[in-house]
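Structure first, commentary second.
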Amino acid sequence: MKYNRLGRTDVKVSEICLGTMTWGRQNTEAEGHAQMDYALSEGINFLDTAEIYAVPPNPGTYGKTEEIIGTWFKKNGQRDKWVVASKIGGVGVEWIRNGAPITGPAVRKAVEGSLRRLQTDYIDLYQLHWPNRGHYHFEKSWTYDPSGQDKKGTVPNMLEVLEALQEMVDEGKIRHVGLSNESAWGTMQYLRLAQEHNLPRIVSIQNEYNFLRRYYDMDLAELAHYEDVGLLAYSPLAAGAITGKYLDGALPEGTRGAISGSVYRSSELTEPAIRKYLELARTHGLDISQMAIAFCLTKPFMTSVIIGATSLEQLQTDIAAADISLNEKVLEGIQNIFRQHPRTL
């Protein structure tokens, strides 16, 4: 297993990160613990969670994933083996602080709640799950829409949040700070404010990255190079759509798509591309999941790829992608398909 530096810190994280968001809904506590055991045995030292998990989210499963991780820590006493990342939820989710935006007081309440559920004294990487302002993730928008954007209040709110995060660092409750579902502009504002006010510097951005969503290749890639703010790629399989299991409107029993009733990454626009990626994998004798994850690992801005599995077999396949080297013909094939189907949102 290869390890990468987290931003400009001294922390080294495995290039494969254990995603956990199905634990507490699609996976039981015992299954979550088994995944942690196996991942650790394979050299993974990095796991990602969030207060909103399990997913698909609802009030009844809020915080369940963190609780499962916490019981593993209590049982095994190996908290020091893991770099733990979690996230504060934000505006729009009514059962999280009444759907209010992220503020300074919200940061403290969320951090302390996560610490309690995780049964730990500190969180290594604490991330803002999505911006208070509008954004283009989760299929929110097909273009930038400035209407409803608080031009005067956005940056002061960012400063307030950073100051609250500094308090958490000073109290030893979190160690480093990251963003999620962010843009280049938002990231640069946080970096600027941190430098001007001697506040915690952003060390990573957790955004979606896969064959179908490659917006990080553009401005964010350059930002990562110059500012050392690497990508933690979520949904490298586009929430499973890349495997082809949702083609032609299929919703296999037990999948997240079946639970949600839909899969927004699988549609008439994406299915032609998915079919071509599947054919490319077959032509070269590759497992499609491993090809997709290995592709993410070729990117120079990649700090870690977050994988998620509902079975140990899936987990084993995904972790083994770290040992896959894609040759030039495969990479050329991937790029040719992307040129034909460059849908990034």
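Any idea how many residues of region 16-25 are assigned to a loop (DSSP other than H, G, I, E, B) and crowded, with 21+ Cβ neighbours inside 10 Å?
The number of residues fulfilling the criteria is 4.
Being not in a strand (DSSP E or B) and not polar (S, T, N, Q) is true for just one of Ala110, Ala85. Which residue is that?
Matching residue, one of Ala110, Ala85: Ala110.
Of the conditions (1) in contact (Cβ under 8 Å) with a residue 24 or more places away in the chain; (2) out of contact with any Pro (no Cβ under 7 Å at 6 or more places or on another chain); (3) within 30 Å of Tyr3 (Cα to Cα), Arg282 fails just one. Which one is it?
Among (1) in contact (Cβ under 8 Å) with a residue 24 or more places away in the chain; (2) out of contact with any Pro (no Cβ under 7 Å at 6 or more places or on another chain); (3) within 30 Å of Tyr3 (Cα to Cα), Arg282 violates only (1).
So which of Ala106, Ala30 is closer than 29 Å to Val263 by Cα and either in contact with an Asp or Glu (Cβ under 6 Å, 6 or more places away or on another chain) or not polar (S, T, N, Q) (or both)?
Ala30
Matching residues to (1) over 19 Å from Ser235 (Cα atoms); (2) among the acidic types (Asp, Glu):
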| position | (1), (2) |
| --- | --- |
| Met302 | no, no |
| Asp318 | no, yes |
| Leu326 | yes, no |
| Asn336 | yes, no |
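The rows are residues; the columns are (1) under 17 Å from the mean Cα position of the chain (by Cα); (2) closer than 20 Å to Asn27 by Cα; (3) in a strand (DSSP E or B); (4) among the small types (Gly, Ala, Ser).
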{"position": "Ser304", "(1), (2), (3), (4)": "yes, no, yes, yes"}
{"position": "Ala309", "(1), (2), (3), (4)": "yes, yes, no, yes"}
{"position": "Gln316", "(1), (2), (3), (4)": "no, yes, no, no"}
{"position": "Ala321", "(1), (2), (3), (4)": "no, no, no, yes"}
{"position": "Glu332", "(1), (2), (3), (4)": "no, no, no, no"}
{"position": "Arg339", "(1), (2), (3), (4)": "no, no, no, no"}
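With the structure loaded, tell me whether Ile288 is closer than 14 Å to Gly244 by Cα and either surrounded by 18 or more Cβ atoms within 10 Å (Cβ to Cβ) or touching a residue at least 12 places away in the same chain (Cβ under 8 Å) (or both) or whether it fails that test.
Taking the combined requirement at face value, the residue satisfies it.
Residue-by-condition table, conditions (1) within 18 Å of Ile319 (Cα to Cα); (2) part of a loop (DSSP other than H, G, I, E, B):
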residue: Ala30; (1), (2): no, no
residue: Tyr38; (1), (2): yes, no
residue: Glu51; (1), (2): no, yes
residue: Pro56; (1), (2): no, yes
residue: Thr65; (1), (2): no, no
residue: Phe73; (1), (2): no, no
residue: Asp80; (1), (2): no, no
residue: Val91; (1), (2): no, yes
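Find all pairs meeting these conditions: Cβ atoms under 6 angstrom apart; at least six residues apart or on different chains; first residue within region 169-180 and touching a residue at least 40 places away in the same chain (Cβ under 8 Å); second residue hydrophobic (A, V, I, L, M, F, W, C) and part of a helix (DSSP H, G or I).
Sorted first by the residue in region 169-180, then by its partner, the pairs are Lys173/Val111; Ile174/Met168; Val177/Leu165.
Residue by residue, here is whether (1) over 21 Å from Glu182 (Cα atoms); (2) in contact with a Leu (Cβ under 6 Å, 6 or more places away or on another chain) holds:
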site: Gln35; (1), (2): yes, yes
site: Leu47; (1), (2): no, yes
site: Val55; (1), (2): no, no
site: Lys64; (1), (2): yes, no
site: Asn76; (1), (2): yes, no
site: Ala85; (1), (2): no, yes
site: Trp95; (1), (2): yes, no
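Read-outs throughout are calculated quantities, based only on the coordinates presented, and are distinct from any laboratory measurement. Model, not experiment: these values are computed from the prediction. Counting neighbours? That spans all protein chains shown, and the Cβs are built from the backbone with ideal geometry, glycine included.
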